[in-house]
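Reviewing the structure listed below.
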């Protein structure tokens, strides 16, 4: 084989590698564009429809509104008990997130920094609960709280929500706690700090990204839930915002712009919460990913 033939084959191979890389890049970019459209298109439809009149929506469901109309938001807030439902959602979100974070912090510290029999199997069982769908537990939970006469109460819904989001909180905090250098904890122990003191004064302050991530993710899940709130809180006075808007929309299903205006109002608090915690969100999600 001559040198020129060798160079020619090498150039051909490099061209093939470049072409293969371009095809792979195009495929990845196409997938990302497709996934982005899955999010953007519904958000676009929600936003533009909220500012349309019923007649405008009937004439053009996808296009921009002919004239910006704010009356749908007024109707959505007056047509149901919007502010009462909003308050119920806030109470449940705050109660569930605070309770689950407290329990998860104590459990995660034990799994990450203490040695006891059955630690790893117990953590594996708790982590596996993340894949259990809530729908399979809704009937037993309803029967259980009915016998305790706790349906249509904040207590029952808060306990259920906290229990459902705690496995993820334990998993995330355990991963993050394990990334904190042992030397810091050992120094605190030498100085006479208790385990609870180490958790409150060292572990939690250093775990701010993970804690903020938990607050955002768990608050979003509780706020958007429909099934559990619908089953455990049948009383109209106890309805959450999502349940109230859904029921309100089913009563006035011909007025789609009003229903979507209510949905848009309901999404604003969680959007604001995400924007406020966005700085730490990605860092918290990948907590412990690089820890061997």
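How high is the relative contact order of segment 74-285? Use alpha-carbon pairs under 8 Å, at least six apart in sequence, and give a whole percent.
Details: 205 pairs, mean separation 72.4, N = 212.
Relative CO of segment 74-285 lands at 34 percent.
Residue ranges 269-275, 109-115, 173-179 sort as 173-179, 109-115, 269-275 when ordered by packing (mean number of other C-beta atoms within 10 Å per residue, highest first).
For segment 77-141, take the convex hull of the Cα atoms, compute a quarter of its surface area, and give me that in nm², please.
Details: hull surface 26.8 nm².
Mean orientational projected area (segment 77-141, Cα hull): 6.7 nm².
Quick note: the coordinates plus some simple rules give every number you see, no bench work behind them. Everything numeric here is computed off the predicted structure, so don't read it as measured data. With ideal geometry, Cβ positions are generated from the backbone for all residues, glycine too; neighbour counts draw on all protein chains shown.
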